[in-house]
Structure formats: structure tokens, C-alpha cells
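A quick write-up on the structure given underneath.
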Amino acid sequence: MLKPFCQFVIIGHSERRAYFNETDESVNKKAKTLLAHDLIPIICVGESLEQNEAGLTHDFVSSQVKAAFNGIPPEQAATCIIAYEPIWAIGTGKSASPADAGRIIGLTVRGAIADIFGEEVSQKIRVQYGGSANPDNIADFMSHPDIDGALVGGASLKPGFVEMVKATASISL
């Protein structure tokens, strides 16, 4: 039903997990279904403020990534997109620093992918940052070598979104 209208489908967003009881298992099933129909899943992962402050970010996010890709062949996994969205940063005006987001993406997200599929696949998968990106911080996020793009939510509905696009136009991704 979606195929004529879109190429990408966001799954596992924190609001879906919180309000509709979407689980790691259901994210995995959705990813498999989307891939079977030649749609590209954008798989959202991220930790709560409590998990972050307790030092659980690495284990929690790594677990989400591994569960999302359970049973997916490497050639299909390489076509997926992962969005690291720390839950505590979505819509709060807070954001991870580009260095922290890049570290989590590079070590935790890509590390989990490398554990499953090897380093080559981990480098093929596009990993985005999402979590209160705005015109003032987008260039710093996009300049980080481990961040491949941004998943922009609420800011895409504001006039400043044009400034976000302009701020990234000269950055080589």
C-alpha cells in the first residue's frame, strides 16, 4: 500500500514505542516486511534520560540495534538507515553534543552492526542523528565524520528549516 507513495518508512520512533507499545520485536518484523516490499526502513533507536544518566546508553542502544536486525541478511541490512535519537532530546530543545552523538553512532550503533554483519556492512549503513537538531547546531552535527545525516522532526515544520538546509549545503557528507 505504501510503495507507490514513499521510499522510506520510519519505524521504532520513541513515540511509537511509548504510546503504541512498539517493541524491539515488532520493529524487527516491520523492518523485514518493509525490506520484502523494497521499502527502506529508517530504524529509530535511542535511550531515555534515566538510561543516559545511569550510563546505560551503550548497552541499551546496542541491544535495540541488534534486535532490529535479527534475521535480516547482510545485503538487505546494508540498505537500511538507522536514526540515533536520544529520547531525552526529542522536542525538548536539548540535544546531545555532536561529539557525544558521533561517539554513540560510531562506537555503539556501528559497533553493534559490525558485531552482526562485519565492518564492511557497518560502514555502508547510513546512520543519522535526530534529536532537537536546529539551525544553530545542524552544521556541527553534519560535520562530524560518524554522522551521515539528520532525521529532522518538528524543526522541519518551522521557517528555520530552510536555514538548516542551507547550513549543510556546503558540507561534504
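Please treat every number below as a calculation from the coordinates, not as lab data. Note that the structure is predicted; figures quoted are calculated from it, not measured. Here the Cβ positions follow ideal geometry from the backbone for every residue, glycine too, while neighbour counts run over all protein chains shown.
Values for this structure:
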| item | result |
| --- | --- |
| Within the chain, helix-based [θ] at 222 nm, where runs of 4 or more DSSP H residues each add -39,500 (n - 2.57), nearest 500 | -11000 deg cm²/dmol |
| Dipole magnitude (debye, nearest 20) for the chain, charges at Cβ of Lys, Arg, Asp, Glu | 500 debye |
| Projected label distance in nm at THR79 and LYS3, using a 7 Å step from Cα toward the beta-carbon | 1.1 nm |
| Rounded to 5, percent antiparallel among DSSP beta bridges of the chain | 0 percent |
| Calculated from backbone phi, Karplus (6.51, -1.76, 1.60) coupling profile of the stretch 139-146 in Hz, x at Gly/Pro | 4, 5, 5, 6, 7, 6, x, 8 |
| Rg in Å to one decimal, and Dmax rounded to a whole Å, for the chain via C-alpha atoms | 15.3, 44 |
| Top of SER97, SER132, SER143 by mean-square fluctuation, Gaussian network on the chain, Cα under 10 Å | SER97 |
| Order by protection proxy (mean Cβ within 10 Å, highest first), peptides 42-52, 79-89 | 79-89, 42-52 |
| Stokes-Einstein D in µm²/s, Kirkwood radius over Cα pairs - the stretch 33-98 at 10 °C with 1.306 mPa s viscosity | 121 µm²/s |
